[in-house]
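See below for the structure under consideration.
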Amino acid sequence: MSVDVGAVPRQKPKNFPLYRTVAGFVRDPLRQLERISTEGDGRLIRLDLGASRPYLATHPDHVQQVLRREAENFQRDGVFWRPLRDLMGDSILAEGAEWEHSKRTLQPVFTTRNVNRLTGLMAEAINDAVDALDEPAREGRPIDVLPEMGRIVNETVIKVLFGDKISPADADRLIPTFDQIATSISFRFLLPFVPRAIPLPGDRAFKDAVRVMDEVLFDLVARYRDDPGDGSDIFTALCQAPTEDGGPPDDRWIRDNLLAMFATSTETTTLALTWLWPLLHDHPDVEDRLVAEIDGVVGGARVRPEHLPELPYVTRVVQELLRLYPVGWMFPRMATRPTVLGGVPIEPGDPVLISPFLTHRLASVWDRPLEFDPERFTPENSRKRHRYAYFPFGGGPHQCLGRHVFNVEAQMILTSILSRFRPSLSETISAMPRIGATLRPRQSLEMTLTPVGRER
Ligand code: HEM
């Protein structure tokens, strides 16, 4: 869809020249972006990053135009997608025909019907993974939150979404390697316009990690491509997908999509669940209410899918968690045709950044935006909001494929842990994440779990 550029009154974007912002970007890029977004207060912003001058769109109307109304015009392309394109090629995270083919292949795994079919298996995997917390809890030994949330999520996702085809030995290589990729890509993600010939910190670690990742993934592809079984999992869907001309899918395409799906299904959920515990630590009233709801519904039983509809407060806590920490915090687009956004003329090739992290923290959109308050998500309060005031899963044609999976999985993990243990953090942590492709805590986080003295 194109816009009649001449008919819309022109405005200037809110400019932030480099000399005013550079020191803040060097010190703490996310806080600096938050400051700029607050000052822009919903107006279209033009950032000056030296080598690149992207627009930043935070107003819900502008977000809706970019992600939905003019989705065809604002594509996942340009310099900001380079690090991901290098890593995952023509996968579900690409654009155009390659993206469409991957999406057609993977969508059946994520329909509400299929996700509902998988929830029993998911509950079992989660309860089993949470069992491993019994021992440190009995011994009063603190757990390191991020790797433990990662372990629970990985065990669940591998069993349920990847059809249990990734063996424990493969997972032991894949998971730390993937972690290395996620952290070492940060500089390339934050400075995408730096040419590849100029070395950046993390480059070598990234290259090493990709080599190991490829060994594991291509080996898995070779093992399963001709005999993936008949499950409704990601592996089977990819191996059985015919190409446009009816031939078998090529190894590289399966590898790219396996990597994209592993990345999107594990890192995001792990980080969201990691941010949960410091929020509960700082809001004991919310934790008490959660515990009371879970005790009343689940009691001493193991969590089951049928419990979820009876746990509305759990749902609200998870929604509010993703308002403050939408771990897919920034997704760029590039205009392909002239248009007007927020009154500002946009030219083909202009990058436009969209960030739920920033929109979710705008005072003109949210009352007391920095306060954690799950009551914002009562059905009545939710109805009053702009559709794009809250978009942790994006919107339009690229809206997150895994949002139902995430909701079910996160709610069951939270419920399973709180039905069995009372958490206590050794200390609170900085509320401001460290940015890369996702939002990671700046320090590690230790938590002691006390078993709730109940016969199980
Ligand atoms: C906290 C959890 C999650 C968050 C915040 C999140 C966020 C997002 C966002 C913002 C996008 C849109 C990107 C864009 O428009 O360019 C997206 C896309 C996607 N997400 Fe998620 N996601 C989460 C969990 C998951 C899970 C659990 C899965 C899979 C099981 C998943 C799979 C995907 C896929 C495949 C896409 C690409 C869809 C497309 O382009 O057609 N995500 N996600």
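The values are calculated or read from the model by the stated rules, or taken from the named source; none is laboratory data. Predicted, not measured: the structure shown is a model, and the values here were computed from it. Heads up, the Cβs are rebuilt from the backbone with ideal geometry, glycines too, and the neighbour counts pull from every protein chain shown. The area values use the complete protein model at the heavy-atom level, side chains included, leaving out ligands, DNA and RNA. Shrake-Rupley method; radii C 1.70, N 1.55, O 1.52, S 1.80 Å.
Computed values, structure above
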read-out: Prolate/oblate/rounded label for segment 217-262 (Cα gyration tensor, a/c 1.5); value: rounded
read-out: Share of carbon and sulfur in the accessible heavy-atom surface of segment 5-437 [1.4 Å probe, %]; value: 53 percent
read-out: Cβ crowding within 10 Å averaged over residues, with 318-324, 95-101 ranked highest first; value: 318-324, 95-101
read-out: Cα shape, the chain, gyration tensor, a/c 1.5 rule; value: oblate
read-out: Summed side-chain charge close to T236 - residues other than T236 whose Cβ falls under 11 Å, Lys, Arg +1, Asp, Glu -1; value: -1
read-out: Where Cα atoms sit under 28 Å apart: lysine pairs in the chain separated by 8 or more or lying on different chains; value: 4
read-out: Surface per residue (accessible, 1.4 Å probe) for the chain, Å²; value: 43 Å²
read-out: Three-way shape call for segment 71-219 based on the alpha-carbon gyration tensor, with the a/c threshold at 1.5; value: oblate
read-out: Protection proxy ranking, peptides 293-300, 22-29, 392-399, average beta carbon neighbours within 10 Å, highest first; value: 392-399, 293-300, 22-29
read-out: Burial ranking of peptide ranges 48-54, 127-133, 70-76 (average Cβ count within 10 Å, highest at the top); value: 70-76, 127-133, 48-54
read-out: Separation of alpha-carbon centers, segment 297-346 and segment 137-160, rounded to whole Å; value: 22 Å
